Amino acid sequence: MGDPRSDEAARPHDRFAHAPVMVDLVVDLLREVPDGIYLDATLGGGGHAAALLDAHPGLRLVGLDRDDVAIAAAARRLRRFGARAQIVRAAFADLEQAVNTHRRTTAIDTTAIDTTATQGVTAVLFDLGVSSPQLDDPDRGFSYRSASVPDMRMDRSQPLTASEVVNGYSYAQLARVIGTFGEERFASRIARAIIEARPIHDTEQLADVVRTAVPAATRRHGGHPAKRTFQAIRIEVNRELEQLAEGLDAAMAVLAPGGRMVVMSYHSLEDRIVKRAFHDAATGGCTCPPGLPCVCGAAPTVRLLKRGAWKASEDEVDANRRAESVRIRAIEAVPESA
Ligand SMILES: C[S@@+](CC[C@H](N)C(=O)[O-])C[C@H]1O[C@@H](n2cnc3c(N)ncnc32)[C@H](O)[C@@H]1O
């Protein structure tokens, strides 16, 4: 029999070149969880999923992604795990339904694996944002580095595209999106410049309009001048922040006691939402003044595995540039009476 990884080795990442970020830390945080379901809410090419399934034989994967290209790549990469890896095309908003459907299916599918002890969700991973192939494939219209039709949809069946945001939104809508989701201080100037330049046909033209709208003195700092605007439009198109808040709540609701959840975010807007959700769950929403004993009856549902966030070391950034901005937070669900 050949090497079970030969499929992966022969076609390492031929059509889906995404190197997973900080795999060792993620696996270490999740390797001791009880046997059960491992919910990977951002499956991508399945890099983290493959590493964790290898490290923890008692886990069965329910892997979600809303991108059809990612789903196909993950299916190829995870084929060697057979019935241990279930892949579902779904968004965070449908996460609870996807897990429950999987539980019902495996409960009657007793031929594949003994599922009686493996119905609880004991590991959850969110590796947020876009994958490298989404950014690098010019047909997806995410990047300011190539000229393509502005698209930016992770789920290509949804109607809203970046072209509609850029060419259809009012000045007020554009300024709000760019200011809020890009944290861009020149949002108003950029929104005005976009409206004056319409119609905008490709991402290179869009990047140029943004660059010209930004004062020359500030163009030299903080990377490409269009980076924040592109991030903002992408967040708007994919409703990323609403999805994240819903996904975190749904994942915490299905996490079994002793189970762990790891979230990797890549910009401060995401990290703020994660930090707030974890803090609320770890305090049970306690409203008592800090420093005084809790008398409001709040009951924590999780404990933080670290007060702050893990960041990548210099070596990790050298090995994988995507690690540069990562912030990793992790919690463990506690029994109700704890
Ligand atoms: C950074 S990649 C994950 C890479 C993955 N950990 C790996 O090792 O290959 C993020 C993935 O999450 C998916 N994604 C982002 N937001 C999502 C959402 N709200 N619902 C479902 N999938 C989402 C994207 O389509 C993308 O494939």
Along each of its three principal axes, how wide is the spread of alpha-carbon positions in region 170-324, in whole angstrom units, largest first? 57, 40, 31
Quick shape summary for region 259-338, equivalent ellipsoid via Cα gyration tensor, semi-axes whole Å in descending order, reads 30, 13, 10
Under a plain spin-label model, where a point goes 7 Å from the Cα along Cα-to-Cβ, how far apart in nm are ALA72 and ASP136? 1.7 nm
Relative pair counts by distance (%), Cα atoms of the chain, 20 Å bins: 29, 54, 17, 0
Taking trypsin sites (Lys or Arg not before Pro) as exposed when DSSP calls them loop (any state but H, G, I, E, B) and at most 10 other Cβ atoms lie within 10 Å, what is the longest stretch of the chain free of them, the sites themselves excluded? 1-219
Within the chain, longest stretch clear of exposed GluC sites (Glu not before Pro) (DSSP loop, no more than 13 other Cβ within 10 Å): 33-335
Simple Cβ-charge dipole of region 139-239, Lys/Arg +1 and Asp/Glu -1, about Cα centre, in debye nearest 20: 360 debye
Among THR301, THR101, THR161: highest mean-square fluctuation, GNM of the chain, C-alpha pairs under 10 Å: THR101
Search the structure for amide H atoms under 5 Å from the amide H of VAL124, placed 1.01 Å from N in the peptide plane, and list their residues when 5 or more places away or on another chain. LEU39, ARG260, MET261, VAL262
With charges set only on the Cβ (+1 for Lys and Arg, -1 for Asp and Glu), what does the dipole of the chain come to about its Cα centre, in debye to the nearest 20? 680 debye
Report relative contact order for region 215-338 in percent, whole number only (criteria: Cα-Cα under 8 Å, sequence separation at least 6). 28 percent
ARG140 neighbourhood, Cβ < 11 Å, K/R = +1, D/E = -1, net charge -2
Tell me, Kirkwood radius of region 125-193 from alpha-carbon pair distances, in Å? 13.3 Å
Over the Cα atoms of region 139-239 the radius of gyration and the largest Cα-Cα distance (Dmax), both in Å, equal 12.2, 41
How big is the dipole moment of region 37-176 about its Cα centre under a simple scheme where the beta carbon of each Lys and Arg is +1, that of each Asp and Glu is -1, and everything else is neutral? Debye, nearest 20, please. 180 debye
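Read-outs: derived from the displayed coordinates by stated rules, not from any lab. Predicted model only: the values in this text are computed from it and were never measured. Please note: Cβ atoms are built from the backbone with ideal geometry, for glycine as well, and neighbour counts cover all protein chains shown.
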